[in-house]
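To start, the structure itself, in structure tokens.
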Amino acid sequence: MSVDTEAVSEPGWEVDPDDEWGVAVITTVGRQLRLRREAVGMRAADFGKAVGYGEDMVYKIESGQRIPRPEFLDKADEVLSADGLLAAMKQDVDKVRYPKKVRDLAALEAKAVELLSYGNHNLHGLVQTEEFMEALLRTQRPLLPEDQLERAVAGRMARKRIFQRSPAPDLSFVLEEVTLRRPVGGKMVLNRQLQHLLELAQLPTVVIQVMPMACWDHPGTGGRIQVLKFGDGAAVGRMDDEFGGRPVSDPKQLRILELRYGIIRSQALTARESLTFIEQLLGET
């Protein structure tokens, strides 16, 4: 039985035409791949068969229309006897494989020494499990195509490197009780999500607090609040219903966000009370 390998597994993601730097990198990678293939005298169809993908997809990668995955470059290096030259380009591709918006956010988080986050309708992406975030993204309408969904999940997962940084930044999350009760993806997905939160809370630089549903008179009812602070004293923050939802760095505007966040933290359960609360919820799921 023949198998349409291109339909079964695609070797990359589409390139955002508005991401000029990303387009330049992927175009260069594709050109080098084509030059190497032609240098060894291999047709695109034969090369595609050797790496397990369709001829059309090979042309898309070589023309810079698709972002090749790391394993694709490894296989291409082996098939074309490139002695590591093609595999080495994984470092360049890794810098642009995620959407620009995600890369920009990850770059800020990578430099932050402190993160403050309050969410009133969903868990922060950094504390979500992979299956939880995938289920959450599947609720978007119009529904995301599978390759875009996979790329969005991969981008969020890549941001989790912040937990392995050294020195580690101080991370504070205030989670609304309702976000811990909503069975996103089903009860088992929620169960594993709650377990993940308990594991994260054991990290010495992570503080997780729960805002009880009964507490309604706090300044977080207008939406998410996020603040990132950096080693040089600079900071950037945003809130859904303030400053047009745009990121701000002006000290006066940041003071408003920090004031609200401080009040929210003071009204939420303590870190120890929150762990007990999450454990109780876990027992109920």
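You can think of it this way: the chain between Ala88 and Asp170 has 26.1 nm of extra reach, that is 0.36 nm per residue less the Cα-Cα gap.
If a/c stays under 1.5 just call it rounded; otherwise compare a/b with b/c (prolate if a/b is bigger, oblate if not). Do that for the chain, with a ≥ b ≥ c from the square roots of the Cα gyration tensor eigenvalues.
prolate
What number, rounded to the nearest 500 deg cm²/dmol, is the helix-based mean residue ellipticity at 222 nm of the chain, given -39500 (n - 2.57) per DSSP H run of at least four residues and division by all its residues?
Numbers: 13 runs with 140 residues, N = 285.
Rounded to the nearest 500, the figure is -15000 deg cm²/dmol.
Working from Cα positions, state the angle (0 to 90°, nearest 10) between the long axis of helix 100-111 and the longest principal axis of the chain. Long axis of 100-111 versus the principal axis of the chain: about 60 degrees.
Using the Cβ-Cβ distance between Asn191 and Glu146 with R0 set to 30 Å, the FRET efficiency works out to roughly 0.70.
The antiparallel fraction among DSSP beta bridges confined to the chain stands at about 55%.
I need the shape label for region 103-193. Rule: rounded when a/c is under 1.5, else prolate if a/b > b/c, else oblate, with a, b, c from the alpha carbon gyration tensor. Judged from the Cα gyration tensor, region 103-193 comes out oblate (a/c at least 1.5, b/c at or above a/b).
Please report the antiparallel percentage of DSSP beta bridges with both residues in region 94-241, rounded to the nearest 5.
50 percent
For region 227-241 versus region 137-160, the spacing of their alpha-carbon centroids is 25 Å. Stretching the chain fully between Arg182 and Cys215 yields a gain of 10.1 nm (0.36 nm per residue, less the alpha carbon separation). Packing, as the average of other Cβ atoms within 10 Å across residues, places the peptides 62-68, 236-242 in the order 62-68, 236-242, highest first. Oblate is the label for region 89-146. Its Cα gyration tensor axes, ordered a ≥ b ≥ c, give a/c of at least 1.5 and b/c at or above a/b.
Electrostatic tally near Arg181: other residues with Cβ closer than 13 Å to its Cβ, Lys and Arg +1, Asp and Glu -1, net -1.
For the chain, the longest principal axis of the C-alpha atoms and the axis of helix 187-200 are separated by about 80°.
Cross-link pairs exceeding 22 Å in C-alpha to C-alpha distance, out of Lys75/Lys95; Lys95/Lys160; Lys95/Lys252; Lys49/Lys100; Lys101/Lys160; Lys229/Lys252, comprise Lys95/Lys252; Lys49/Lys100. For region 202-258, averaging the sequence separation of C-alpha pairs within contact (under 8 Å, six or more residues apart) and dividing by the residue count gives a relative contact order of 25 percent. Among the protein heavy atoms of region 96-241, carbon and sulfur supply 55% of the accessible surface, probe 1.4 Å, non-protein parts ignored. Its relative contact order, with pairs defined as Cα atoms under 8 Å and 6+ residues apart, puts region 131-285 at 24 percent. Farthest towards the positive end of the charge dipole of region 135-209, among the residues Leu175, Leu190, Pro142, is the Cα of Pro142, using unit charges on the Cβ of Lys, Arg, Asp and Glu. Largest accessible area first, the residues Lys101, Lys160, Lys60 order themselves as Lys101, Lys60, Lys160 under a 1.4 Å probe with ligands, DNA and RNA left out.
Ligands, DNA and RNA are left out, and with a 1.4 angstrom probe the accessible area of the chain is 53 Å² per residue. In the chain, Cα pairs under 8 Å separated by at least six residues give a relative contact order of 16 percent.
The values are calculated or read from the model by the stated rules, or taken from the named source; none is laboratory data. Keep in mind it's a predicted model, so treat the numbers as computed, not measured. Using ideal geometry, Cβ is built from the backbone for each residue, glycine included, and neighbour counts are taken over all protein chains shown. Remember, those area values only see protein heavy atoms, side chains included, never the ligands or the DNA or RNA. Shrake-Rupley method; radii C 1.70, N 1.55, O 1.52, S 1.80 Å.
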